[in-house]
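First comes the structure, then the notes that go with it.
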Amino acid sequence: MLSNIKGAIFDADGTMLDSMYIWHNIAGEYLISRGVTPLPDLNERLLGIGGHEIPLFFKSEYGLADSPMDIQRGIHELLEGFYFSKVPVKQGVFKVLDALQLRGVKMCVATATDRHLIEPALTNCGLLPYFSRIFTCGEEMTSKSSPDIYVRAAEHLGTKASETLVFEDALYAVESAKRAGFIVVAVYDSHSENDQEQIKSLCDYYCKSMDELLSLL
């Protein structure tokens, strides 16, 4: 697996961090806090939308009168307590990072979560020192429905797609990374349960937890 691997791009939520359950609840909680009843398909509609795009979605789909900045601030206030001190690291993550680091593989993060939340989370968990840079969809003005963030991350690493691993847990992100020619490692997360067969059919490597990758590394 590592014979020609020079770079690795890691998603954060659902891949390294056991945090997706927060995202499956937070949008509805925020709408309820604003006196709005969320529709049953809210989470499905939010798939593939970057964090910076959610306020505009809430304004267009739910008619919120608040400014995008105020909506973003309100969501962040609900998320901060979790990301700043409570978010857990998924099993096997440190072992995989240590193995890649030992082999001189350059690593960075590509995430849909805003820097305001993800950087403190990675710092407090002890993960940040492994990575040369964090790329966020908000700062890159994109979403993971497009491969742009992976392409820019690989440019930063100085590696070709064919020699770069992308670690992801969500189907739409796996699809995007594969479309751009990256070697995709899919990490199981229970919040993508219904997509697992499709994910398995697309990815290059699949693991229920990152511990399973150690024999390949």
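Can you name the number of the only condition in (1) under 25 Å from ALA153 (Cα atoms); (2) surrounded by 19 or more Cβ atoms within 10 Å (Cβ to Cβ); (3) modelled with pLDDT of 90 or more that ILE54 fails?
(3)
Is one or more of the residues making up segment 186-200 at pLDDT 95 or above and of a type in the set (Gly, Ala, Ser)?
Yes, there is a match, as at least one residue in segment 186-200 is at pLDDT 95 or above and of a type in the set (Gly, Ala, Ser).
Any residue that is in contact with an Asp or Glu (Cβ under 7 Å, 6 or more places away or on another chain) and within 27 Å of GLN72 (Cβ to Cβ) - is there at least one of those in segment 90-108?
There is at least one residue in segment 90-108 that is in contact with an Asp or Glu (Cβ under 7 Å, 6 or more places away or on another chain) and within 27 Å of GLN72 (Cβ to Cβ).
Among the residues of segment 177-204, count how many are more than 17 Å from LYS6 (Cα to Cα) and part of a loop (DSSP other than H, G, I, E, B).
Number of matching residues: 3.
Can VAL174 be described as within 16 Å of PHE10 (Cα to Cα) and part of a strand (DSSP E or B)?
no
What number goes with the only condition from (1) under 30 Å from ASP211 (Cα atoms); (2) more than 19 Å from the chain's Cα centre (by Cα) that LEU64 does not pass?
Against the list (1) under 30 Å from ASP211 (Cα atoms); (2) more than 19 Å from the chain's Cα centre (by Cα), LEU64 comes up short only on (1).
Of the conditions (1) surrounded by 17 or more Cβ atoms within 10 Å (Cβ to Cβ); (2) closer than 24 Å to SER215 by Cα; (3) among the charged types (D, E, K, R), GLU119 fails just one. Which one is it?
(2)
Can we say LEU127 is of a type in the set (A, V, I, L, M) and at pLDDT 95 or above?
So LEU127 passes the test.
What's the number of the only condition in (1) within 30 Å of SER215 (Cβ to Cβ); (2) assigned to a loop (DSSP other than H, G, I, E, B); (3) out of contact with any Leu (no Cβ under 9 Å at 6 or more places or on another chain) that SER162 fails to meet?
For SER162, the failing item is (2).
The values are calculated or read from the model by the stated rules, or taken from the named source; none is laboratory data. From a predicted model like this one, the values you see are computed outputs, not experimental measurements. Note that each Cβ is placed from the backbone with ideal geometry, even for glycine, and that neighbours are counted across all protein chains shown.
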